[in-house]
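The values are calculated or read from the model by the stated rules, or taken from the named source; none is laboratory data. This is a predicted model, so every value here is computed, not measured. No Cβ is skipped: glycine too gets one built from the backbone with ideal geometry, and neighbour counts run over all protein chains shown.
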Amino acid sequence: MRVFTVQRRLAGLSTALSLALGLIVFGGMPVLGQGPGVERGAMNQVAANAGESGTYQLVRSRAGAAATVQARRLTKGFAYTAWIAVFPDPSACLDDDGEAGCGPNDEQQGRGFLKNLGGAIAGGNGSLNFASGYTGFSGAMAEIHLVVRCHGPSIPGLIPEMISTPNGGCNAGQPNVGLCGTILLAILNP
C-alpha cells in the first residue's frame with residue numbers, strides 16, 4: 001500500500017513538472033509543442049508469412065514528433081531495432097529509389113534523417129516496445145517512416161552494436177551477415 005501511494009505521488013509530481021515545462025505527456029511519451037496530432041495504426045509486414053506484427057502511435061507537433069512502436073510475435077533470443085526516418089520536406093525527395101515518396105536514398109542524400117527508437121533482444125513473450133521523441137523539425141509537415149529491423153540471433157560481444165545500429169551483427173565478416181532486414185514498416189504522410 002505504501003509503495004502504491006509513493007508511486008502515485010511521484011506520478012503526480014512528474015505530470016505537474018512536465019506541464020510546467022510545457023511538455024505534453026501522451027501515453028507516457030513526452031512531446032514538445034502544442035496541439036499534437038495523434039496517429040495510430042498497424043505496421044505493415046515486409047516479408048510475406050513472417051508472422052511478426054506491430055502497431056504504432058505517432059504524435060506530431062510543430063516542434064517535432066514522438067513515436068511508440070510495439071512489435072509482437074518476435075523470435076526469442078533475436079536482436080531487434082526500431083527506427084524513425086524523418087523527411088522534413090517531402091517535396092524535396094527524389095523518386096530515385098524506384099518507390100513513390102521518400103526512401104533510403106533520400107536519407108543518404110541528406111533529404112532526411114534516421115534516428116534509433118531503441119533496440120533489444122526479444123524475450124520469451126516475443127514482444128518489444130520502442131519509444132522516443134525528436135525535435136528540430138515540423139512534425140506536422142514531415143513524411144515519417146517507422147521501421148522495425150531484425151538482426152538475427154543475438155551474438156555475445158556484438159549485442160551493443162546489434163541493438164543500436166541499422167545493420168549490427170550483419171556486416172561483412174560478422175556471423176549474421178545476410179540476416180538483417182526490415183520486418184515491419186509504416187509510412188506516414190503529412
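Would you check if there is a residue in region 152-168 being in a strand (DSSP E or B) and either at pLDDT 90 or above or buried (at least 19 other Cβ atoms within 10 Å of the Cβ) (or both)?
yes
So, in region 130-150, how many residues would count as being exposed (fewer than 15 other Cβ atoms within 10 Å of the Cβ), more than 15 Å from Glu39 (Cβ to Cβ) and of a type outside the set (Gly, Ala, Ser)?
1
Could you list, in sequence order, the residues of region 156-190 that are touching a residue at least 24 places away in the same chain (Cβ under 8 Å), over 18 Å from the mean Cα position of the chain (by Cα) and more than 14 Å from Gly119 (Cα to Cα)?
Correct list: Asn176, Leu179.
Is it true that some residue in region 112-121 is aromatic (Phe, Trp, Tyr), buried (at least 16 other Cβ atoms within 10 Å of the Cβ) and farther than 24 Å from Gly51 by Cβ?
no
Of all residues in region 107-128, which are closer than 18 Å to Met162 by Cβ and in a strand (DSSP E or B)?
Leu114, Lys115, Asn116, Leu117, Gly118, Gly119, Ala120, Ile121, Leu128
Which of the residues belonging to region 141-155 are under 16 Å from Phe113 (Cα atoms) and touching a Ser or Thr at 6+ places or on another chain (Cβ under 6 Å)?
Correct list: Val147 only.
Given Gly126, Gly136, which one is small (Gly, Ala, Ser), under 21 Å from Asn44 (Cβ atoms) and in contact with a strand residue (DSSP E or B) (Cβ under 9 Å, 6 or more places away or on another chain)? Even if it seems obvious, please write down each step before you answer.
Numbers: Gly136 fails: under 21 Å from Asn44 (Cβ atoms).
Every option except Gly126 fails the conditions.
Could you look through region 129-140, keep only residues that are in contact with a Lys or Arg (Cβ under 7 Å, 6 or more places away or on another chain) and part of a loop (DSSP other than H, G, I, E, B), and pick out the one that is farthest from Lys115 (Cα to Cα)?
For region 129-140, the residue satisfying everything is Ala140.
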